[in-house]
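Please read the structure below before turning to the comments.
The values are calculated or read from the model by the stated rules, or taken from the named source; none is laboratory data. The model shown is predicted, which means the values in this text are computed figures rather than measured ones. Cβ sites come from the backbone with ideal geometry, for glycine too, and all protein chains shown count toward neighbours. Only protein heavy atoms, including side chains, enter the accessible area calculation; ligands, DNA and RNA are left aside. Shrake-Rupley method; radii C 1.70, N 1.55, O 1.52, S 1.80 Å.
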Amino acid sequence: MPNEPAPVPLHTRRTRFDPADELRRLSDGGPVTRVSLAPGAGDRPLWLVTGYHEVRQVLGDQVRFSTSRFGARSAAGGRAAQRPDEGIGLLMDYDPPEHTRLRKMLTPEFTVRRMRRLQPRIEAIITECLDAVERAGHPADLVELFASAVPGPVLCELIGVPRDDRDDFLRRCHAHLETGKERSERAAAGTAFTRYLAALVARQRKNPDEGFLGMLVRDHGDEFTDKELRGICILLMLAGLDNISGMLGLGALALLENPGQLALVRDDPAALDRGIEELLRYLSVPHAPTPRTAVEDMTLGGKRIRAGDTLVCSIPLANRDPALIDEPDRLDITREPVPHVAFGHGIHHCLGAALARMEMRIAYGELLRRFPGLRLAIPAEDVEFRVRSTAYGVERLPVTW
Amino acid sequence: MEIRVDRERCAGSSLCLSYLPEVFDQSDDDGKVLLRTPVPGADMEEAVRGVAARCPTGAITLHARDAQDA
Ligand code: HEM
Ligand code: HEM
Ligand code: SF4
């Protein structure tokens, strides 16, 4: 008998661009709600944080909230004390002072100036993808050829995966994130790209180049272990794929459904920058950042939280809270940017934000410039949304022009 | 208005300098914020307030310079 697919966890449910009604109803009872996100999700109390201010409070307080599943502070949560090999280097899963140590060495590699050095390569990758859209003709699937095709090569460019290795390597990264696949297949894909990255790290140790890994090895070679470097590469690859593909696919759809706003961002780079911030807020593609564990007893949003309880922060609900913005459910790319939490908040704020912003600016800009007559090739109601992944998106987006 | 930045807190998100490159910069050594213009002109104040509110670590604070300047 085929396995029944597991139900979609409550905090990831959406209706087109909006948080699903059942998710919104939860927040009617206040900014913090005791929930069960999915059957069998464990027996410790789980809280969904849906208020904008409360989400900022949790993400901004690394002292009272831990992201680590390992180490002393998490022992309160009854979790493993020993970090397994495959968890080494995964930044989201570290608390200070270890997080501070790793992040401090990485931050200089992700400055706006550093990312600008990648700009010509990113432009070339995006042009190649749009060439493929053009060749595919009418209709072309904008998800397969553009939204999902852009982020992988960009990340390979960042960490220095040579061209010849990219197809194989990216196939494995995508396979690992594909929730429809068998567990064993996903694990095998994970093991394969991990081994590949370990070899890449070893090569850079011997002969560091001018890229990201080479610079890290040169500047901080003694302070990183090989496993940490490998883990950081894994994290960058996996953290930068679904979020970007989600933003590019959903964002294109949102703009196509709002032709007035599309015209504004197409014709004015400053409007595009503002528009990207509003799309980040409105689309909120990551459902939630790393779950936090309360380190001590406290009251939050009127609820008693105990040490060891888990808190999941809802990015879509926080970004649609009237406490953040008037008329939160309206997409309006002419708004002044607000402090949305699409990239998180606090010490784990997205390390790739500068890269992500640049990548989206080039990608949306080139797409709209090159295909000024872009339109959906199927009725809007028929668009299928990508629900089972770490970031929301669309499955397919057939377009013509 | 006088801007102060707490480089200990800064997470190097690049947000401030992406939006106000006239006012904020970023160190090539540690990726953290640098101030170009500690005392912005009156025409910039509103934009600076917006960016300070958006800083993910609360590293940007705004201070009155003297009695007439809130
Ligand atoms: C639009 C695209 C993106 C969105 C919406 C996004 C969102 C986020 C969010 C919400 C977090 C916080 C996680 C937490 O608090 O637990 C985060 C962290 C992170 N992101 Fe992104 N991200 C994007 C693109 C990228 C890219 C392209 C990269 C890689 C180059 C990247 C690398 C990271 C890393 C390494 C962290 C962990 C930082 C830390 O724990 O200190 N992200 N991102
Ligand atoms: C050494 C590296 C890794 C290995 C060997 C590994 C292995 C696995 C395995 C065995 C699964 C279970 C598949 C399933 O239950 O269906 C899994 C799921 C998953 N992994 Fe990894 N993983 C690695 C790194 C990562 C990283 C760094 C991320 C993201 C930043 C990630 C994201 C995911 C996600 C989103 C799932 C799906 C969870 C779910 O289906 O509920 N993995 N991984
Ligand atoms: S916005 Fe805040 S965290 Fe980001 S670079 Fe500026 S000061 Fe640092």
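Quick notes on this structure:
- Matching residues in the range A:86-128 - criterion: being within 16 Å of ligand 2 (Cβ to nearest atom), in contact (Cβ under 8 Å) with a residue 60 or more places away in the chain and open to solvent by less than 30 Å² (accessible area, probe 1.4 Å): A:Gly87, A:Gly89, A:Leu91, A:Asp93, A:His99, A:Leu102, A:Arg103, A:Leu106
- Here A:Arg281 meets the list (1) touching a His at 6+ places or on another chain (Cβ under 6 Å); (2) in a strand (DSSP E or B) almost entirely, failing just condition (2).
- Going through (1) at pLDDT below 95; (2) open to solvent by 20 Å² or more (accessible area, probe 1.4 Å) one by one, A:Glu327 falls short only on (1).
- For the range A:390-399, the set of residues classified as surrounded by fewer than 20 Cβ atoms within 10 Å (Cβ to Cβ) and either within 16 Å of ligand 2 (Cβ to nearest atom) or in a helix (DSSP H, G or I) (or both) consists of A:Thr390 only.
- Pairs where the first residue, in the range A:318-330, is within 11 Å of A:Thr50 (Cα to Cα) and the second is part of a loop (DSSP other than H, G, I, E, B) and of a type in the set (Asp, Glu), C-beta under 8 Å, 6+ apart: A:Arg320/A:Asp329
- Selected residue [within 14 Å of chain B (Cβ to nearest Cβ) and either under 26 Å from A:Asp309 (Cβ atoms) or not polar (S, T, N, Q) (or both)] from A:Pro97, A:Pro151: A:Pro97
- If the condition is being part of a loop (DSSP other than H, G, I, E, B) and without any contact (Cβ under 8 Å) to a residue 60 or more places away in the chain, then the range A:11-34 contributes A:Ala20, A:Asp28, A:Gly29.
- Inside the range A:350-386, residues that are away from chain B (no Cβ under 14 Å) and either buried (at least 23 other Cβ atoms within 10 Å of the Cβ) or among the aromatic types (Phe, Trp, Tyr) (or both) make up a count of 5.
- Tally of residues being over 10 Å from the mean Cα position of the chain (by Cα) and more than 13 Å from ligand 3 (Cβ to nearest atom) across the range B:1-21: 1
- Checklist (1) modelled with pLDDT under 95; (2) more than 13 Å from A:Val265 (Cβ to Cβ); (3) more than 11 Å from every other protein chain (Cβ to nearest Cβ) applied to A:Thr334, failing item: (2)
- Test result for B:Pro40, in a loop (DSSP other than H, G, I, E, B), crowded, with 17+ Cβ neighbours inside 10 Å and more than 12 Å from chain A (Cβ to nearest Cβ): yes
- Taken over the range B:1-36, the criterion of being facing chain A (nearest Cβ under 8 Å), surrounded by 15 or more Cβ atoms within 10 Å (Cβ to Cβ) and of a type outside the set (A, V, I, L, M, F, W, C) is satisfied by B:Gly12, B:Ser13, B:Ser14, B:Ser18, B:Tyr19, B:Gln26, B:Ser27, B:Asp30, B:Gly31, B:Lys32.
- The requirement of being in contact with a His (Cβ under 9 Å, 6 or more places away or on another chain) and surrounded by fewer than 18 Cβ atoms within 10 Å (Cβ to Cβ) is fulfilled nowhere in the range A:220-233; no residue meets it.
- Total residues in the range A:190-232 satisfying the condition of being free of Cβ contacts under 8 Å to residues at least 60 places away in the same chain, within 17 Å of A:Leu158 (Cβ to Cβ) and β-branched (Val, Ile, Thr): the figure is 2.
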